[in-house]
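Report on the following structure.
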Amino acid sequence: MSSEKQQRLVLSIIDFLNQSIQDGTVKQDDKEGLEIAIQCIGEAFDVDLSNEQQVERLSIKPATLPTIFDVFLKTKDKVRSTPAPSASTPVALPQSPSTEDKANAEKFKQDGNALMSAKNYEKAIEAYTKAIELDSLNPIYFSNRAAAYSSKGDHLLAIDDAERAIEVDANFVKAYHRLGHAQYSLGDYTAAAAAFRRGLELDPTNNGLKSGLQNSEARIDSPTSDSPAPRATSPDAGAGGLGGMADMLRNLGGRGGAPGGASGGMPDLASLMNNPMMMQMAQQMMANGGMDRLMSNPSVANMMNRVQSGGGMPSMDELMGDPTLRDLASQFGGGTGGAR
């Protein structure tokens, strides 16, 4: 019988082959043969694509086989380009940067933050890398680069940078959040829980770490669970007194996620956050524990990581283009009220 690790690899291969059929990589004449091969591979390893619970449990999304392979090749090239120190040569410790280097590194960090705001993650990574080259003793630079890697889906590189930030300063709490988020995004919930737990040892009151740990442990305990978050039974439990806000959120949830679709008259996110009714809803969510559950969602955590590192708030179209965030809008705007 195939192990779960083998089945996860097989599902990733099948996803890659199906994507190759859909995007035209495979010639039309070869599609039928490849479809038969996919079916045979699935049967050989007991991977049933029609079993939604099994697919949910085994999926490595948002990572894909090509992205993981790309990270492997980049890491391999990086290792090859770094000469190994000889046994007789002592390993040089990082030298403290000069005042000038620190100032220039800080400028590169600010440049990186601005590029994150513009969603130019590749250039942001380059800016943070320049800051690290000038001052490799500042954990913030590694942490910010980890956030940039996560924003572009390179979670393995984000893990590497988060761990390097911890090596520089084991008391830098944000690095544990970055580490846990990247591991969660790759489906390694046990490692994610361990990272959040280590961060909580340093900052027991950190709500982000608490929510991350709770969400990771829930996935460990019930990996096949796809039940929606519990909802309040009373129509007034979460939406009472919000007036047209609930209707607006219901409309957001039903947009279908098409970029640019139904955008006429859509307020931007900054306007919403300044809306008194939105503030009232946020206060109610914090009072009944709904805010902690919202922050445990990995998509929201990724968005907040980007904001904390200077990446800025996403646009409303970007939010509604994310199925998970769109579903949250439907839940909080639905007639049954917010989560308890």
Consider S185 carefully, then state whether it is more than 18 Å from A63 (Cβ to Cβ), among the hydroxyl-bearing types (S, T, Y), crowded, with 19+ Cβ neighbours inside 10 Å and touching a residue at least 60 places away in the same chain (Cβ under 8 Å). no
Of the residues I13, I21, which single one is at pLDDT 80 or above, farther than 20 Å from H155 by Cβ and surrounded by 15 or more Cβ atoms within 10 Å (Cβ to Cβ)? I21
Top-ranked residue in the stretch 28-47 [being under 19 Å from S3 (Cβ atoms) and of a type in the set (D, E, K, R); ranked as surrounded by the most Cβ atoms within 10 Å (Cβ to Cβ)]: D46
Let me confirm something: among Q7, Q22, which residue is under 24 Å from G187 (Cβ atoms) and in contact with a helix residue (DSSP H, G or I) (Cβ under 8 Å, 6 or more places away or on another chain)? Q7
Scanning the stretch 16-48 for residues that are within 19 Å of L58 (Cβ to Cβ) and among the acidic types (D, E) gives E43, D46, D48
Residue ID - farthest from G187 (Cα to Cα), chosen from residues in the stretch 25-54 that are of a type in the set (S, T, N, Q) and in a helix (DSSP H, G or I): Q28
Kindly check whether there is at least one residue in the stretch 43-56 that is hydrophobic (A, V, I, L, M, F, W, C), outside the structural domain of L186 (by the TED database) and under 23 Å from H181 (Cα atoms). yes
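The values are calculated or read from the model by the stated rules, or taken from the named source; none is laboratory data. From a predicted model like this one, the values you see are computed outputs, not experimental measurements. With ideal geometry, Cβ positions are generated from the backbone for all residues, glycine too; neighbour counts draw on all protein chains shown.
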